[in-house]
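Here is the structure we will look at, set down as structure tokens.
The values are calculated or read from the model by the stated rules, or taken from the named source; none is laboratory data. Just so it is clear, the structure is predicted and the values come from calculations on it, not from any experiment. Cβ: placed from backbone, ideal geometry, glycine included. Neighbour counts: every protein chain shown. With ligands, DNA and RNA removed, areas are computed over all heavy atoms of the protein, side chains included. Shrake-Rupley method; radii C 1.70, N 1.55, O 1.52, S 1.80 Å.
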There are 2 protein chains.
Amino acid sequence: MSDLTDRVRGPLAPSTASQWPLNVDDVEIQGGPFGRWQQINREASIPLGLEQMEKSGAAPNLRLAAGESGGAFKGYRFQDSDLYKQLEAVAWEHCRLPGDGYRAFIEESAALLARAQRPDGYLNSHYQVVKQDKIFAELEYSHEMYCAGHLIQAAVAAARAGCGEDLLAVARRFADLLVQRFLTDGDDGIDGHAEVETALVELYRLTGERSYLELAGKLVDNRGRGLIASTGMGPLYAQDHLPVREAGTAVGHAVRQLYLEAGVVDVAVETGDTTLLDSSIRRWEDLVATKTSITGGHGSRHDGEAFGERYELPPDRAYNESCAAIASIHWNWRLLLATGHGRYADLIERTLYNAFAASTSADGIRFFYVNPLQRRADLFEDAYLGRRREWFACACCPPNIMRLVSSLGHYVATTDDEGVSVHQYVPGVIRAGDVTLEVETDYPWDGRVRFTVRSAPGGEWTLKLRVPAWSASGQEAPDGYARIRRDWQAGDTHTLDLDLTPRIVRPHRRIDALRGCAAIERGPLVYCFEQIDQDGDLEDLALVPGAAPRVVERDLPGLGRTVLIEADAVRLPPSTPQDLPYTAGEQDPAGTPATATAVPYYQWDNRDGGVMRVWMPLA
Amino acid sequence: MSDLTDRVRGPLAPSTASQWPLNVDDVEIQGGPFGRWQQINREASIPLGLEQMEKSGAAPNLRLAAGESGGAFKGYRFQDSDLYKQLEAVAWEHCRLPGDGYRAFIEESAALLARAQRPDGYLNSHYQVVKQDKIFAELEYSHEMYCAGHLIQAAVAAARAGCGEDLLAVARRFADLLVQRFLTDGDDGIDGHAEVETALVELYRLTGERSYLELAGKLVDNRGRGLIASTGMGPLYAQDHLPVREAGTAVGHAVRQLYLEAGVVDVAVETGDTTLLDSSIRRWEDLVATKTSITGGHGSRHDGEAFGERYELPPDRAYNESCAAIASIHWNWRLLLATGHGRYADLIERTLYNAFAASTSADGIRFFYVNPLQRRADLFEDAYLGRRREWFACACCPPNIMRLVSSLGHYVATTDDEGVSVHQYVPGVIRAGDVTLEVETDYPWDGRVRFTVRSAPGGEWTLKLRVPAWSASGQEAPDGYARIRRDWQAGDTHTLDLDLTPRIVRPHRRIDALRGCAAIERGPLVYCFEQIDQDGDLEDLALVPGAAPRVVERDLPGLGRTVLIEADAVRLPPSTPQDLPYTAGEQDPAGTPATATAVPYYQWDNRDGGVMRVWMPLA
């Protein structure tokens, strides 16, 4: 085991970087939406998740595989991965703030996994119980390496959090089997669902065992060469249409593409392969410019849970899977560490506060799988997609959400040769090596962020503060960061002021589905209009172009104090059904003055479950 | 066999009606788009289809079932239905204009089917060859009754066309088995895919055997009661969410809903059940007002090939399956015969000239399964959906198209107590009992339709001529028909003039996906803009509101003479990708004057395969 284990307690520990990450427990988030979310995650979500590990079949399936109980396999072939993500969440929670039962859950699970694991290292309860003859024989949809990836990530987390030597041993045995078969023995199989690549690189970073990196590199470079058997979904679905170095745009299943990108950047960073890194950055630029929802969500199609074409960004049928938001944050974090460019932190912020934050109810016990930007009031709306649910048959999202929330501290700040960089503004304490910073802020409700140096080494260093692209502050911020260089002394302060004037935002004219509409943003928050906050039918409101929205603080049931935005609108006469909804020479009807009221998008669906729109028609 | 067989040679022969249909061969279509299409269908599509009956496995599968050959079953579990639809196409083609080999193909196929059929009447090659133990055991997705329905429709067609006593015998044996099991013996099973209902009613109409009608009625009324096992697609998919009498809107798989409606109207008409009929009309009104594309296409979602919510009508991701257009025409024809209201003939016209006509290439040998209203120029567009193809693994559409084209004469005119009603304007001859009408017109290119009575009985009768809702002629037309009552003599003429001034059409304001756009129609034709006809990038053009479009006749490669429309437009500066495609305070850019050129939608994708838009942004 390399000495990295002693240095890093976080999901990512690159051996070379532009920005060096901090430990999960180096940042204490002491309030704000994410502080509250970490609390809810600990008190409500994780307990629910632990309960579901039994109910959903995840743990019982492993007891079947271990030969310790009878009964039928329950759930999907990737059911094990739910437990792995849950384990990772608990590990980071333990790292952040040790608590009752976390270590025990990890150790007991590790013991169960060790008993279920075959002597050769193979571990997948579905294939061991249901389809022994198909082990590694249907990689195109088996998710065996995908599950191995999540096992590895859980084990790395547990090891770095100081509570998982046994889990790491299980993961390494499986990883060694993968290396033996898919690297040493030359099997060119690739999992249809990318994920193991980034996990293998992290296991390399933890252990120093280079064959894990080599296997990850092989898997990355062999994708796109037709080595994945047909699943009937077409080669785009699993990004097998083009070698990754040649692919210019994100395609197919969004979570697969985005996990793949995390692995691509990891391999590129560890091997110094700038061509590979550049290919990922090229796709990032295309993706952000043409296939990203205003919330940071990804995936425009339900069909295949997939990216659409460029500028295909429907608000109502946006898929924006919660897992895609998480995978996007993983990718952007890797690019940020590799390049130090603030645009990646900008997108992380946008995704965290909107696409990702909306995934979970205010009470932490209901989750969205799909995160659209519009909900209609149709009688026949599919209940499955309509509101947040406690759990899912395919429950990839909830434990994925929990592991990211538990490790949020990891994504706040970094260090580099110049000093300390702060990427996300949360109240609390940042310990970056010799530097301790106290951060006081009511962000994102208020734009003032006050930093107090509580301890510092002698000599000059730079405090780099991200200036979001949405900020109109006009201060100099190369690569997205304001730089304050000083011989900082304990007690020194610096205040950053970000302009939170609400912004009326228009879509690029090529986004057909949003033509004639506007959305409202304030700071990092995208707003939405829910029926419950309007007088009369939301569908009859249109925003008045050019009018300045007003900020209103209010207590809302279940949401507490929040900042709402009121915008000038017109109320149109109720629409009447026509024979056909297409008419020659129809004039837009006149409206009467009205107010449209918006709440932060991430808080939607916590009250009435009614109509919601992010994008409003313009009068 | 009832005496109906002697009276009717067409797909539909209700025993009670507001309008009585004519025989397929009572109307000779002698030109215009449909005359040309019937010719191409006969010369190109049907020969291709006959070839595919061997290649695709449809006929070989039946030889497997008959024990006459070895090998593996090929294709889907509903592969037999391709042959049945092909048989129906050939039967109507034989009826319309007997030709070499049609009778032989039907007789040989009937003999093969008779050999494949089990002694008890069961016939489905997939279940006989692959899954004998699952016969009638997985009706939720087996398509066994669906296939039986298409067999029955083919047999009815062959019988009425005078070339299929053997085929009818096969169909009746299977129908009798269905009656025995699902009516007499009380099995409450329902096929997940509606279709057999309308077929059973027609078999009743042909044979007078009331149990067929009774079974159809039972199947209609038992749907929506949870008797269909889960397929993982949810109960909406197969319209099993609500009893049909209670359902207020079209849901789920569009073709299933629309075939079901055909059966609903058939059962209602034959049993005099006005409540049932009214429920179908209620859904029709909702469907037309809120879930119908401007082309008449149905089904807004790829996911589940399904209807969306009300006003969810995306142009790019519209599914608009060719089979749904056909099913819609079936349903509307039944409603037209039952009620005599022109609005159903209006929708048939819209669907025929647009959603349906676009399904087939100008040369008759390539077909669309999906008929969107927009195609982007994305590198990663799915080739499967991007252009018409010669055939499909799931080839439900091509032979379905052929059977409707062969029987188009059936849908042109009807008789009633007052006289003769003409619903669709095609050049040629209409023989309606004692009345023979000659129709001269260059419709839809020209709005003048000249009728000459060639023979007539003595006494007064009424010539009813549909006045389409889009026509601005202002003439009196109760229920959509102008009435000319006279003591018509041979040689008398009447001329109908329909105003074909191009119309700039706006979408209902609730259709979010079309906001800020307009489309162009002329007569019954919806137009579209293809890249090949524009100077510069189509995506940079926006129509000028209020400008009058100009009509231009031109010869186009592969399309011959067609009527194009030129509209005043502005050319916007090329759009540039942004970091994120959402900007505060963006102004719409100014453009320079330009012309946008449109062709009839049904003619699209016959030249370059490039970008296409029905709905254009308004400047």
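For residue A:285, are the conditions met, namely being assigned to a loop (DSSP other than H, G, I, E, B), surrounded by fewer than 24 Cβ atoms within 10 Å (Cβ to Cβ) and within 10 Å of chain B (Cβ to nearest Cβ)?
no
Residues are listed down the side, and each one gets a yes or a no for (1) touching a Ser or Thr at 6+ places or on another chain (Cβ under 7 Å); (2) closer than 17 Å to residue B:517 by Cα:
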{"residue": "B:549", "(1), (2)": "no, yes"}
{"residue": "B:569", "(1), (2)": "yes, yes"}
{"residue": "B:576", "(1), (2)": "no, no"}
{"residue": "B:579", "(1), (2)": "no, no"}
{"residue": "B:582", "(1), (2)": "no, no"}
{"residue": "B:608", "(1), (2)": "no, no"}
{"residue": "B:616", "(1), (2)": "no, yes"}
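I'd like to know if the range B:480-502 contains one or more residues that are open to solvent by less than 70 Å² (accessible area, probe 1.4 Å), in contact (Cβ under 8 Å) with a residue 12 or more places away in the chain, within 22 Å of residue B:595 (Cα to Cα) and not hydroxyl-bearing (Ser, Thr, Tyr).
Yes: the range B:480-502 contains one or more residues that are open to solvent by less than 70 Å² (accessible area, probe 1.4 Å), in contact (Cβ under 8 Å) with a residue 12 or more places away in the chain, within 22 Å of residue B:595 (Cα to Cα) and not hydroxyl-bearing (Ser, Thr, Tyr).
With B:97, B:64 as the choices, which residue is under 21 Å from residue B:159 (Cβ atoms) and among the aliphatic types (A, V, I, L, M)? Don't jump to the end; show me each part of the working.
Working: B:64 fails: under 21 Å from residue B:159 (Cβ atoms).
That would be B:97, the only listed residue that is under 21 Å from residue B:159 (Cβ atoms) and among the aliphatic types (A, V, I, L, M).
Could you say whether any residue in the range B:231-254 is more than 23 Å from the chain's Cα centre (by Cα) and assigned to a helix (DSSP H, G or I)?
yes
Hey, can you tell me all the residues within the range B:343-359 that are crowded, with 24+ Cβ neighbours inside 10 Å and within 11 Å of chain A (Cβ to nearest Cβ)?
Correct list: B:346, B:347, B:350.
Looking only at the range B:608-616, decide whether some residue is more than 14 Å from chain A (Cβ to nearest Cβ), part of a strand (DSSP E or B), at pLDDT below 95 and on the phi > 0 side of the Ramachandran plot.
Taking every residue of the range B:608-616 in turn, none turns out to be more than 14 Å from chain A (Cβ to nearest Cβ), part of a strand (DSSP E or B), at pLDDT below 95 and on the phi > 0 side of the Ramachandran plot.
Does any residue in the range A:306-324 that is at pLDDT 95 or above and in a helix (DSSP H, G or I) come within less than 7 Å, Cβ to Cβ, of a residue that is of a type in the set (Val, Ile, Thr) and open to solvent by less than 10 Å² (accessible area, probe 1.4 Å) six or more places away or on a different chain, and which pairs are these?
Note: pairs meeting the criteria are A:322/A:401; A:323/A:255; A:324/A:255.
Within the range B:54-77, is even one residue more than 26 Å from residue B:395 (Cα to Cα) and in a helix (DSSP H, G or I)? Write out each step before concluding.
Let us first name the residues in the range B:54-77 that are more than 26 Å from residue B:395 (Cα to Cα), namely none.
There is no residue in the range B:54-77 that is more than 26 Å from residue B:395 (Cα to Cα) and in a helix (DSSP H, G or I).
Looking for whichever is at the interface with chain A (Cβ under 9 Å from one of its Cβ atoms), touching a residue at least 24 places away in the same chain (Cβ under 8 Å) and not charged (D, E, K, R) here; the options are B:265, B:251. Which one fits? Steps first, answer last, please.
Working: B:265 fails: at the interface with chain A (Cβ under 9 Å from one of its Cβ atoms).
The conditions single out B:251.
Count, please, the residues in the range A:306-330 that happen to be surrounded by 24 or more Cβ atoms within 10 Å (Cβ to Cβ) and among the acidic types (Asp, Glu).
1
Among what's in the range A:55-68 and is more than 23 Å from residue A:404 (Cβ to Cβ) and among the charged types (D, E, K, R), pick the residue that is surrounded by the most Cβ atoms within 10 Å (Cβ to Cβ).
Kept after step one, since they are more than 23 Å from residue A:404 (Cβ to Cβ), are these residues of the range A:55-68: A:57, A:60-68.
Narrowing further to those that are among the charged types (D, E, K, R): A:63, A:68.
Values: A:63: 17, A:68: 12.
Ranking the qualifying residues of the range A:55-68, first place goes to A:63.
In the range B:69-106, which residues are without any contact (Cβ under 8 Å) to a residue 60 or more places away in the chain and open to solvent by 10 Å² or more (accessible area, probe 1.4 Å)?
Scanning the range B:69-106 gives B:69, B:70, B:71, B:72, B:73, B:74, B:98, B:99, B:100, B:101, B:104, B:105.
For residues that are acidic (Asp, Glu) and closer than 20 Å to residue B:317 by Cβ, scanning just the range A:265-307, find the one that is nearest to the chain's Cα centre (by Cα). It would help to see each step written out before you state the result.
In the first step, residues of the range A:265-307 are kept if they are acidic (Asp, Glu); the result is A:266, A:270, A:273, A:278, A:285-286, A:303, A:305.
This time we only want the ones that are closer than 20 Å to residue B:317 by Cβ, so: A:303, A:305.
Numbers: A:303: 21, A:305: 16 Å.
Result: A:305.
Test of understanding: among A:102, A:146, which residue is over 30 Å from residue A:253 (Cα atoms) and aromatic (Phe, Trp, Tyr)?
Values: A:146 fails: over 30 Å from residue A:253 (Cα atoms).
None of the other options fit; the residue is A:102.
Return the residues of the range B:28-47 that are open to solvent by less than 40 Å² (accessible area, probe 1.4 Å) and more than 20 Å from the chain's Cα centre (by Cα); say none if nothing qualifies. Working first, answer last.
Looking only at the range B:28-47, we keep the residues that are open to solvent by less than 40 Å² (accessible area, probe 1.4 Å), and these are B:29, B:31-35, B:37-38, B:40-41, B:44-46.
The answer is B:31, and nothing else.
Can you tell me which of (1) closer than 18 Å to residue A:274 by Cα; (2) among the hydrophobic types (A, V, I, L, M, F, W, C); (3) open to solvent by 10 Å² or more (accessible area, probe 1.4 Å) is the one residue A:362 doesn't meet?
(1)
How many residues does the range A:12-33 hold that are over 21 Å from residue A:161 (Cα atoms) and in a helix (DSSP H, G or I)?
Keep residues of the range A:12-33 that are over 21 Å from residue A:161 (Cα atoms), which gives A:16-19, A:31-33.
Checking which are in a helix (DSSP H, G or I) leaves us with A:32-33.
Qualifying residue count, the range A:12-33: 2.
Quick one: count up the residues across the range B:418-451 that are part of a loop (DSSP other than H, G, I, E, B) and either among the polar types (S, T, N, Q) or within 26 Å of the chain's Cα centre (by Cα) (or both). Full working, then the answer.
Residues of the range B:418-451 that are part of a loop (DSSP other than H, G, I, E, B), as a first pass: B:418, B:423-427, B:433-434, B:442-447.
Filter once more, so that each one left must be either among the polar types (S, T, N, Q) or within 26 Å of the chain's Cα centre (by Cα) (or both): B:423-427, B:442-447.
Total satisfying the criteria: 11.
Within the range B:526-600, which strands (runs of 3 or more DSSP E) (wholly inside it) include 2 or more residues that are among the hydrophobic types (A, V, I, L, M, F, W, C) and within 12 Å of chain A (Cβ to nearest Cβ)? Before you say what the answer is, go through the steps one by one.
On the way: elements: B:541-543, B:550-556, B:560-571, B:582-584, B:592-600.
It comes to B:541-543.
Cβ contacts < 7 Å: first residue acidic (Asp, Glu), restricted to the range B:204-223; second residue part of a helix (DSSP H, G or I), any location; separation 6+ or different chain. Result?
B:214/B:183
Somewhere in the range B:332-339, is a residue among the small types (Gly, Ala, Ser) and either assigned to a loop (DSSP other than H, G, I, E, B) or open to solvent by less than 10 Å² (accessible area, probe 1.4 Å) (or both)?
Let us first name the residues in the range B:332-339 that are among the small types (Gly, Ala, Ser), namely B:338.
Next cut, either assigned to a loop (DSSP other than H, G, I, E, B) or open to solvent by less than 10 Å² (accessible area, probe 1.4 Å) (or both) only: none.
No, the range B:332-339 contains no residue that is among the small types (Gly, Ala, Ser) and either assigned to a loop (DSSP other than H, G, I, E, B) or open to solvent by less than 10 Å² (accessible area, probe 1.4 Å) (or both).
Can you pull out the residues in the range B:513-525 that are at the interface with chain A (Cβ under 9 Å from one of its Cβ atoms), out of contact with any helix residue (DSSP H, G or I) (no Cβ under 7 Å at 6 or more places or on another chain) and under 27 Å from residue B:590 (Cβ atoms)? Steps first, please.
The first filter runs over the range B:513-525 and keeps only residues at the interface with chain A (Cβ under 9 Å from one of its Cβ atoms), leaving B:513-517, B:519, B:521.
This time we only want the ones that are out of contact with any helix residue (DSSP H, G or I) (no Cβ under 7 Å at 6 or more places or on another chain), so: B:514-517, B:519, B:521.
Result: B:514, B:515, B:516, B:517, B:519.
How many residues does the range A:309-339 hold that are small (Gly, Ala, Ser) and within 8 Å of another protein chain (Cβ to nearest Cβ)?
Taking the range A:309-339 and keeping what is small (Gly, Ala, Ser), we get A:318, A:322, A:324-325, A:327-328, A:338.
With within 8 Å of another protein chain (Cβ to nearest Cβ) added as a condition, the list becomes none.
Residues in the range A:309-339 being small (Gly, Ala, Ser) and within 8 Å of another protein chain (Cβ to nearest Cβ): 0 in total.
Could you grab me the full set of residues in the range A:289-305 that are buried (at least 24 other Cβ atoms within 10 Å of the Cβ), within 8 Å of chain B (Cβ to nearest Cβ) and outside any loop (DSSP other than H, G, I, E, B)?
Scanning the range A:289-305 gives A:290, A:292.
Being open to solvent by 30 Å² or more (accessible area, probe 1.4 Å), touching a residue at least 40 places away in the same chain (Cβ under 8 Å) and not in a loop (DSSP other than H, G, I, E, B): is that true of residue A:510 here?
no
Out of (1) assigned to a loop (DSSP other than H, G, I, E, B); (2) of a type outside the set (A, V, I, L, M); (3) open to solvent by 40 Å² or more (accessible area, probe 1.4 Å); (4) touching a Leu at 6+ places or on another chain (Cβ under 8 Å), what's the single condition that is false for residue B:476?
With (1) assigned to a loop (DSSP other than H, G, I, E, B); (2) of a type outside the set (A, V, I, L, M); (3) open to solvent by 40 Å² or more (accessible area, probe 1.4 Å); (4) touching a Leu at 6+ places or on another chain (Cβ under 8 Å) applied to residue B:476, the lone miss is (4).
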